[in-house]
1. Look at the range 36-53 and say how many of its residues are assigned to a helix (DSSP H, G or I) and open to solvent by 80 Å² or more (accessible area, probe 1.4 Å).
2. Read through the list (1) touching a His at 6+ places or on another chain (Cβ under 8 Å); (2) under 24 Å from residue 167 (Cα atoms); (3) not charged (D, E, K, R), then give the number of the only condition that residue 76 fails.
3. Restricting to the range 54-68, what's the tally of residues that are part of a helix (DSSP H, G or I) and open to solvent by less than 70 Å² (accessible area, probe 1.4 Å)?
4. Quick check on this structure: which one of 191, 181, 187 is small (Gly, Ala, Ser), closer than 18 Å to residue 69 by Cα, assigned to a helix (DSSP H, G or I) and modelled with pLDDT under 85?
5. It is to be established whether one or more residues within the range 36-59 are without any contact (Cβ under 8 Å) to a residue 40 or more places away in the chain and β-branched (Val, Ile, Thr).
6. Just for the range 147-173: of the residues that are within 9 Å of the chain's Cα centre (by Cα) and of a type in the set (Gly, Ala, Ser), which one is most open to solvent (accessible area, probe 1.4 Å)?
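The values are calculated or read from the model by the stated rules, or taken from the named source; none is laboratory data. This one's a predicted model, so the numbers in the text were calculated from it and none came from an experiment. Positions of Cβ are backbone-derived with ideal geometry, glycine not excepted, and every protein chain shown enters the neighbour counts. Ligands, DNA and RNA are excluded from the accessible area calculation, which covers all protein heavy atoms including side chains. Shrake-Rupley method; radii C 1.70, N 1.55, O 1.52, S 1.80 Å.
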Amino acid sequence: MKNLIQAELFKLKKSTSYKVLLISYLIIETVIQMNNISNSIAYPQYNPTYTGIEWLLNLRQTLLYSIVIFLFTTYHVNGDFVRHTFYTSLLCGISRKNAFLAKIISVFAGVVPLMLVPFLTGTVLWSIHAGFGMNFGIEAVCLIAKALAIQILASLMLVSNAVFFSVIAKSKISAFKWSVGTLYVLGVLRGNIGHIIQIPALRDILLFLLSLFYLNLGTFLAAMILKLLAAGYIFERYDLK
């Protein structure tokens, strides 16, 4: 198992497409934040100015970030289906469970640098522009740790969605479409449920169900784990030929 994980991490390290994605995302995110800072200077009545810590505490998952995570996860996982790497591993005596776990670990490892791009870029650039906003001490460390924990959990939720659809789909493109599509549909439903459903009782029930995964840390983690377990269960019965 250890050698299998090391092989997956080495493959990720040598992946040219992953490096291109990471560098491209870093450049795009830098341009976006610099544009936001410029707009806050030119049009302060419409664009707020943040200190580094204020921006960090208001950090939200953007559509761009979701797309980047979905792209990486679906292509990284489905690439082994397309190239029949999983099938070859099984012929070498590797169990499906170990192959799946090694792939998931490599996915999580690959997400960390991608997750840090918006986390660090915005904080550094806004701190340069308006200062960090507080003395760097225990309180600052705790706030940074809290923001990082939220970023990690949100990223893992996106990964679990993409892994689930990657196992079900037969192609990279289909897995990516399903991942983005479900995120969009859920967002539209949560934002417009009041206009779609006119019956108050039914509207409240549906809104509760749509928000169930985000009510607290327990339901959030449970939803993520269930999707990964479902993906693993399907993978063990998947035709890899």
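1. Keep residues of the range 36-53 that are assigned to a helix (DSSP H, G or I), which gives 36-42, 52-53.
Pick out the ones that are also open to solvent by 80 Å² or more (accessible area, probe 1.4 Å) and you get 41.
Qualifying residue count, the range 36-53: 1.
2. (1)
3. First, pick out the residues of the range 54-68 that are part of a helix (DSSP H, G or I): 54-57, 63-68.
Okay, now just the ones that are also open to solvent by less than 70 Å² (accessible area, probe 1.4 Å), so 55-56, 64-68.
Qualifying residue count, the range 54-68: 7.
4. Just one listed residue meets the conditions, 187.
5. There is at least one residue in the range 36-59 that is without any contact (Cβ under 8 Å) to a residue 40 or more places away in the chain and β-branched (Val, Ile, Thr).
6. Looking at residues that are within 9 Å of the chain's Cα centre (by Cα) and of a type in the set (Gly, Ala, Ser), I get 154.
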